[in-house]
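The values are calculated or read from the model by the stated rules, or taken from the named source; none is laboratory data. Just so it is clear, the structure is predicted and the values come from calculations on it, not from any experiment. A quick note on method: Cβ atoms are made from the backbone with ideal geometry, for glycine too, and the neighbour counts reach across all protein chains shown.
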């Protein structure tokens, strides 16, 4: 599947937007547009949308990194549920781990494998419990198990998403290995009508 993020360069779009776009089968630019943020596509998009829905401006709020990530997680969950509800597709959402208590990625991947085929995930992983080196992947449970996909650099048919059985680090840092992403949070999306 080709997800065009609408940007002219590699890596200029937020990885969370790309992962959510993959869940909803739309581009990251469309996700940003639907959020009503005038096409803003950066690491603040979902947190900004979360606070905007509550009548607050993210730029005027002093947040700790945990509060910011919590707002991002809540923003993603609210957005996906709202889009699926609009499409008359009930969506069940659960979360494994939190910004305070991330779960080892090996455990997360095993837990993801117990969900039914067609379950989709937005996976946030980082180098440390403090969120250093954080990145988002899309993942899906299929007949073969859990497959991770990184759509951040999928800007044309010539640049397909990276695909792996384990978490995929950002392509912009080739020195980083997947095994270095040791902790994570998984957002689980199970829809009544599978989108896969």
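Collect the residues in the stretch 1-29 that are part of a loop (DSSP other than H, G, I, E, B) and at pLDDT 50 or above, keeping them in residue-number order. Working first, answer last.
Just the residues of the stretch 1-29 that are part of a loop (DSSP other than H, G, I, E, B), to begin with: 1-14, 25-27.
Selection gives 13, 14, 25, 26, 27.
Please go through the stretch 38-62 and pick out each residue that is over 18 Å from the mean Cα position of the chain (by Cα), in a loop (DSSP other than H, G, I, E, B) and touching a residue at least 12 places away in the same chain (Cβ under 8 Å).
Listed by number, the list holds a single entry, 53.
Report, by residue number, each residue of the stretch 83-99 that is surrounded by fewer than 14 Cβ atoms within 10 Å (Cβ to Cβ), part of a helix (DSSP H, G or I) and touching a helix residue (DSSP H, G or I) at 6+ places or on another chain (Cβ under 9 Å).
none
Being touching a helix residue (DSSP H, G or I) at 6+ places or on another chain (Cβ under 9 Å), modelled with pLDDT of 90 or more and over 19 Å from residue 22 (Cβ atoms), is that true of even one residue in the stretch 128-137?
The answer is no, given that none of the residues of the stretch 128-137 is touching a helix residue (DSSP H, G or I) at 6+ places or on another chain (Cβ under 9 Å), modelled with pLDDT of 90 or more and over 19 Å from residue 22 (Cβ atoms).
For residue 79, all conditions in the list (1) under 14 Å from the mean Cα position of the chain (by Cα); (2) over 20 Å from residue 170 (Cα atoms); (3) at pLDDT 90 or above; (4) surrounded by 22 or more Cβ atoms within 10 Å (Cβ to Cβ) hold save one; what is the number of the exception?
With (1) under 14 Å from the mean Cα position of the chain (by Cα); (2) over 20 Å from residue 170 (Cα atoms); (3) at pLDDT 90 or above; (4) surrounded by 22 or more Cβ atoms within 10 Å (Cβ to Cβ) applied to residue 79, the lone miss is (4).
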